[in-house]
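Data block below; observations after.
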Amino acid sequence: MKYFVCYTIRDKEITFSLLQHYANFLKISGDVYIDLINNNSLDKQKRVFQELDQCDVLIIIETKNVYNSKWVELEINRALELKKEIVKISVKSILEKISNSNTFC
């Protein structure tokens, strides 16, 4: 299983640390692509679309401003065109799991 994590850093809850914890959790069941962590390419936009095209599941981390992001909109539309599975998870849910267990550590 290959996961592409979709989010916006416009919301202060989305931090590098949170994304890393969530990536570690997802790695238990597959490969994970998170742009902020994994994109060291010269052509960053091209890499995002390559990773999205290859993923099995697009995971949207829902925050207050996630659906106001043009990049998030582009990623969701492309995932829909490619008939990718789309899963939504609230940032609150991720934060609760991080603080309540070692599962995400």
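Tabulated values for the structure
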read-out	value
Residue in the stretch 12-27 that is under 20 Å from Lys97 (Cα atoms), assigned to a loop (DSSP other than H, G, I, E, B) and hydrophobic (A, V, I, L, M, F, W, C) present	yes
Options Asp11, Asp31, Asp56: the member that is surrounded by 15 or more Cβ atoms within 10 Å (Cβ to Cβ) and touching a residue at least 40 places away in the same chain (Cβ under 8 Å)	Asp11
Residue within the stretch 29-38 that is assigned to a loop (DSSP other than H, G, I, E, B) and at pLDDT below 95 present	yes
Residue ID - farthest from the chain's Cα centre (by Cα), chosen from residues in the stretch 39-87 that are of a type in the set (Ser, Thr, Tyr), closer than 21 Å to Arg10 by Cα and assigned to a loop (DSSP other than H, G, I, E, B)	Ser69
Members of the stretch 88-101 that are aliphatic (A, V, I, L, M) and more than 13 Å from Glu13 (Cα to Cα)	Ile89
Of residues in the stretch 34-53 being basic (Lys, Arg) and surrounded by fewer than 16 Cβ atoms within 10 Å (Cβ to Cβ), the one farthest from Glu81 (Cα to Cα)	Lys44
Neighbours by Cβ (under 7 Å, 6+ apart or cross-chain): first from the stretch 82-93, more than 14 Å from Val72 (Cβ to Cβ) and modelled with pLDDT of 95 or more; second acidic (Asp, Glu) and outside any strand (DSSP E or B)	Leu82/Asp53; Glu85/Asp56
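The values are calculated or read from the model by the stated rules, or taken from the named source; none is laboratory data. Here the structure is a predicted model, which is why all the values come from computation and not from measurement. With ideal geometry, Cβ positions are generated from the backbone for all residues, glycine too; neighbour counts draw on all protein chains shown.
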